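Undergrad: Encoded as structure tokens, here's the structure I'll be asking about.
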Amino acid sequence: MDFTIRPVRPEEYEALGEITGHAYLADGFLTFGDTDWYLGHLRNVAGRAAVAEVLAAVDRNGTVLGGVTFVPSPGPMGDIAREGEAAVRMLAVDHAARGRGVGEALVRACIERARAVPGCVRIVLSTQDTMHTAHRIYERLGFRRTPDRDWRPIPDEPDFLLLSYTLEL
């Protein structure tokens, strides 16, 4: 690999926030485009880093290539995580860095971290049905669909369904 995975640094928050926001916008994952309320959450890396572990993929020159949020236990960022479960959130890779294994390396880093959390037996994540590249990564790493945990995070948008995947550790 020509990049490393490590905790994001405060001076990288803005770059990772822009990568994450742009990835979701450009790939059509925000229902309301650039006015979508979720865009602010995607860009708020400092807020995520205050309650979870945000990991960054960084190349040899220090350029941020992508990131992911690892949530070690249920809580503010845990969404559907239950006791004994960690969560993976907001996986995003800069368009210019795609195809280099960055996304998979970020998810693998979350798996390693989850295995190190005492009492953690499972990782859970939510994904949109159109995030096909992410689905392939998850399935290749052993995650399985858990339809009984699918959910609708936006009460006013009953057609917006998030799919659930889990990985037994």
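The values are calculated or read from the model by the stated rules, or taken from the named source; none is laboratory data. Everything numeric here is computed off the predicted structure, so don't read it as measured data. As a convention, Cβ positions derive from the backbone with ideal geometry for all residues, glycine included, and neighbour counts pool all protein chains shown. Only protein heavy atoms, including side chains, enter the accessible area calculation; ligands, DNA and RNA are left aside. Shrake-Rupley method; radii C 1.70, N 1.55, O 1.52, S 1.80 Å.
Undergrad: Considering Thr63, Thr69, which residue is polar (S, T, N, Q) and crowded, with 18+ Cβ neighbours inside 10 Å? Step through it out loud before you land on a result.
TA: Working: Thr63 fails: crowded, with 18+ Cβ neighbours inside 10 Å.
The match here is Thr69.
Undergrad: Moving on. If you go through the stretch 28-43 one residue at a time, how many are over 15 Å from the mean Cα position of the chain (by Cα) and either surrounded by 22 or more Cβ atoms within 10 Å (Cβ to Cβ) or part of a loop (DSSP other than H, G, I, E, B) (or both)?
TA: Final tally of qualifying residues: 5.
Undergrad: For residues that are closer than 23 Å to Gly99 by Cβ and in a loop (DSSP other than H, G, I, E, B), scanning just the stretch 1-27, find the one that is modelled with the lowest pLDDT. Talk me through it step by step, then tell me what you get.
TA: From the stretch 1-27, those closer than 23 Å to Gly99 by Cβ are 1-6, 8, 12, 15-27; that's our starting set.
Filter once more, so that each one left must be in a loop (DSSP other than H, G, I, E, B): 1-2, 8, 27.
Values: Met1: 75, Asp2: 93, Val8: 98, Asp27: 94.
That would be Met1.
Undergrad: Here is a follow-up. Being within 15 Å of Arg113 (Cβ to Cβ) and either open to solvent by less than 10 Å² (accessible area, probe 1.4 Å) or of a type in the set (D, E, K, R) (or both) is the filter here; which residues of the stretch 72-93 pass it?
TA: Gly78, Glu85, Ala86, Ala87, Val88, Arg89
Undergrad: Please enumerate the residues belonging to the stretch 135-156 that are touching a helix residue (DSSP H, G or I) at 6+ places or on another chain (Cβ under 8 Å) and open to solvent by less than 30 Å² (accessible area, probe 1.4 Å).
TA: Within the stretch 135-156, Ile137, Tyr138, Leu141 meet the criteria.
Undergrad: Of (1) within 21 Å of Cys120 (Cα to Cα); (2) open to solvent by 80 Å² or more (accessible area, probe 1.4 Å); (3) at pLDDT 95 or above, Val107 satisfies all except one. Which?
TA: (2)
Undergrad: Inspect all residues belonging to the stretch 13-25 and state whether any of them is more than 19 Å from Met131 (Cα to Cα) and over 17 Å from the mean Cα position of the chain (by Cα).
TA: No, because not a single residue in the stretch 13-25 is more than 19 Å from Met131 (Cα to Cα) and over 17 Å from the mean Cα position of the chain (by Cα).
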